[in-house]
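The values are calculated or read from the model by the stated rules, or taken from the named source; none is laboratory data. Just so we're clear, the structure is a prediction, and the values are computed from it rather than from any experiment. Please note: Cβ atoms are built from the backbone with ideal geometry, for glycine as well, and neighbour counts cover all protein chains shown.
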Amino acid sequence: MAENLQKKLSFANKAISTRNQLPILSHVLLEARDEKLIISSTDLEIGIEISLPAEIEEEGATTVPARLFLELVTSLPQDKIILQTRDGSLDIVSKKTKTVLQTTPKDEFPLLYEEKGEKVAIFSEGDMKNIFSRLLFAASSDSARPALSGVLFQKSPASEGVEKFVIVATDGYRLSYDEITKEGKQSFDKLIIPARILREATAVFENNQIDLYLSSKNNQILFEQDGTILVGRVIDAAFPNYEKVIPTDSASVAVFDREELLKAVKTCAIFAREAANIITLSLYREKIVVSAKSPSLGENTVDVEAKITGEENQIAFNARYLSDALSNIQETELSFSMTGPLNSGVFHIVGNSHFLHLIMPVRT
């Protein structure tokens, strides 16, 4: 039991914040009921609830310091653990050890959710890993612009019982766009889901069905799989008009091997660090020339084989944005399209008509 408990506690600790002003939020809630031990944690931004099988002799609940409890459980031998509350404390007993932790009453712990709400979508693990890994890196980490710290789910008109969702993430300098089709009729037209909860979902959920619930009453979304629940609040803000920034045509298109271009970008990034982190892509007839120049260090160029159609062209980008895109899109063959050095460049997956990743250029 110790190993299983340790794994569950490690995940629950992802919702523990050291900066929070409320002491109770540094605790996990432990509930013994229905032949399960239920572990809950929250930093008021996201909430986590995890269940694991247990032999329950008497139902009850209490809270203990999260990180201390995890450290203790991690140090215990892989054996049966007995948890027992007694006079404001929790006894933790294994074969050779006994520890007593001071507790705080359950009543002080925030309620994670009142209701799951309506099931509005079903995802597979493949959806989470493949689709969201290509989008989440483009979301903003700046909490001052709440809409950009989330991912837009926007429903397209239904066709014969099939729903198509447009999924968009942007930080104002880059944008990832994809589409996903789901069976059944959904009840919402638009949601902005915090990128953080999606990152946790992609990291923890196994290769099984993942259910998404929406509670309109509490403005919450909830992901659930096999006794693990992630809870977050829907972002109530206006998402930017992403459609107007997506180019509808191009003057130049290059098709290339993703890994080869990524290696070239990483090589040139060494020089770009000393030159405002700028990398230039020059499109010629049969290659992309990746280059960076530093007045104090020198310059570097790398040739990448590519099939070019249209005009020869040149554009400059922030090196980190290029590296992020090429690292998070896993497919082998990509295409890059552009109209000119002052307009955004767009990456596509060859053979995938829905996905695109757009990066705004840097003026040089």
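Mind checking which residues of the stretch 74-101 are in a loop (DSSP other than H, G, I, E, B) and in contact (Cβ under 8 Å) with a residue 60 or more places away in the chain? First the steps, then the outcome.
So the first thing to find is which residues in the stretch 74-101 are in a loop (DSSP other than H, G, I, E, B), and the list is 76-81, 87-88, 94-97.
Within the stretch 74-101, Leu76, Pro77, Gln78, Asp79, Lys80, Ile81, Ser94 qualify.
Go through the stretch 249-263 and report how many residues are part of a strand (DSSP E or B) and within 25 Å of the chain's Cα centre (by Cα).
Keep residues of the stretch 249-263 that are part of a strand (DSSP E or B), which gives 252-257.
Now narrow it down to the ones that are within 25 Å of the chain's Cα centre (by Cα): none.
Within the stretch 249-263, residues that are part of a strand (DSSP E or B) and within 25 Å of the chain's Cα centre (by Cα) number 0.
Which condition number in (1) outside any loop (DSSP other than H, G, I, E, B); (2) surrounded by fewer than 20 Cβ atoms within 10 Å (Cβ to Cβ); (3) in contact with a strand residue (DSSP E or B) (Cβ under 8 Å, 6 or more places away or on another chain) is the one that Lys266 fails?
Just one mismatch for Lys266, condition (3).
Yes/no per residue for (1) at pLDDT 90 or above; (2) farther than 17 Å from Ser40 by Cα; (3) surrounded by 13 or more Cβ atoms within 10 Å (Cβ to Cβ):
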| residue | (1), (2), (3) |
| --- | --- |
| Asp79 | no, yes, no |
| Gln84 | yes, yes, yes |
| Ser89 | yes, yes, yes |
| Ile92 | yes, yes, yes |
| Gln102 | yes, yes, no |
| Glu118 | yes, yes, yes |
| Ser133 | no, yes, yes |
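Does Lys266 satisfy the criteria of being in the same structural domain as Gly345 (by TED's automatic domain parsing), at pLDDT 95 or above and within 28 Å of the chain's Cα centre (by Cα)? Before the answer, list the steps.
Values: in the same structural domain as Gly345 (by TED's automatic domain parsing): yes; at pLDDT 95 or above: yes; within 28 Å of the chain's Cα centre (by Cα): yes.
Here the answer is yes, as Lys266 does meet what is asked.
Does Glu331 meet the test of being acidic (Asp, Glu), under 20 Å from Arg174 (Cα atoms), in contact with a strand residue (DSSP E or B) (Cβ under 7 Å, 6 or more places away or on another chain) and surrounded by fewer than 19 Cβ atoms within 10 Å (Cβ to Cβ)?
Details: acidic (Asp, Glu): yes; under 20 Å from Arg174 (Cα atoms): yes; in contact with a strand residue (DSSP E or B) (Cβ under 7 Å, 6 or more places away or on another chain): yes; surrounded by fewer than 19 Cβ atoms within 10 Å (Cβ to Cβ): yes.
The answer is yes for Glu331.
Yes or no, residue by residue, for (1) of a type outside the set (A, V, I, L, M, F, W, C); (2) assigned to a helix (DSSP H, G or I); (3) at pLDDT 95 or above:
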| site | (1), (2), (3) |
| --- | --- |
| Val302 | no, no, yes |
| Lys307 | yes, no, yes |
| Gln314 | yes, no, yes |
| Leu322 | no, yes, yes |
| Ser335 | yes, no, yes |
| His348 | yes, no, yes |
| Asn352 | yes, no, no |
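In a loop (DSSP other than H, G, I, E, B) and either of a type in the set (Asp, Glu) or modelled with pLDDT of 95 or more (or both), is that true of Glu57?
Working: in a loop (DSSP other than H, G, I, E, B): yes; either of a type in the set (Asp, Glu) or modelled with pLDDT of 95 or more (or both): yes.
Against the criterion (in a loop (DSSP other than H, G, I, E, B) and either of a type in the set (Asp, Glu) or modelled with pLDDT of 95 or more (or both)), Glu57 qualifies.
For the stretch 222-231, state whether one or more residues are of a type in the set (S, T, N, Q), in contact with a helix residue (DSSP H, G or I) (Cβ under 6 Å, 6 or more places away or on another chain) and either touching a residue at least 24 places away in the same chain (Cβ under 8 Å) or not assigned by TED's automatic domain parsing to the domain that holds Pro295 (or both). Show your work before the answer.
Within the stretch 222-231, the subset of a type in the set (S, T, N, Q) is 225, 228.
Checking which are in contact with a helix residue (DSSP H, G or I) (Cβ under 6 Å, 6 or more places away or on another chain) leaves us with none.
No, the conditions are met nowhere in the stretch 222-231.
Got a number for residues in the stretch 15-42 being part of a helix (DSSP H, G or I) and buried (at least 17 other Cβ atoms within 10 Å of the Cβ)? Steps first, answer last, please.
From the stretch 15-42, those part of a helix (DSSP H, G or I) are 15, 23-26; that's our starting set.
Narrowing the set further to residues that are buried (at least 17 other Cβ atoms within 10 Å of the Cβ) leaves 15, 25-26.
Selection size over the stretch 15-42: 3.
Residue-wise test of (1) crowded, with 18+ Cβ neighbours inside 10 Å; (2) under 33 Å from the mean Cα position of the chain (by Cα); (3) at negative phi.
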site	(1), (2), (3)
Pro247	no, yes, yes
Glu286	no, no, yes
Ser291	yes, yes, yes
Pro295	no, no, yes
Glu305	no, yes, yes
Glu312	no, no, yes
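How about the stretch 182-194: which of its residues are surrounded by fewer than 16 Cβ atoms within 10 Å (Cβ to Cβ), in a strand (DSSP E or B) and modelled with pLDDT under 80?
Within the stretch 182-194, just Glu183 meets the criteria.
Is it the case that Leu52 is closer than 30 Å to Asp211 by Cβ, assigned by TED's automatic domain parsing to the domain that holds Arg33 and either in contact with an Asp or Glu (Cβ under 6 Å, 6 or more places away or on another chain) or surrounded by 14 or more Cβ atoms within 10 Å (Cβ to Cβ) (or both)?
Numbers: closer than 30 Å to Asp211 by Cβ: yes; assigned by TED's automatic domain parsing to the domain that holds Arg33: yes; either in contact with an Asp or Glu (Cβ under 6 Å, 6 or more places away or on another chain) or surrounded by 14 or more Cβ atoms within 10 Å (Cβ to Cβ) (or both): yes.
For Leu52, the condition - closer than 30 Å to Asp211 by Cβ, assigned by TED's automatic domain parsing to the domain that holds Arg33 and either in contact with an Asp or Glu (Cβ under 6 Å, 6 or more places away or on another chain) or surrounded by 14 or more Cβ atoms within 10 Å (Cβ to Cβ) (or both) - is met.
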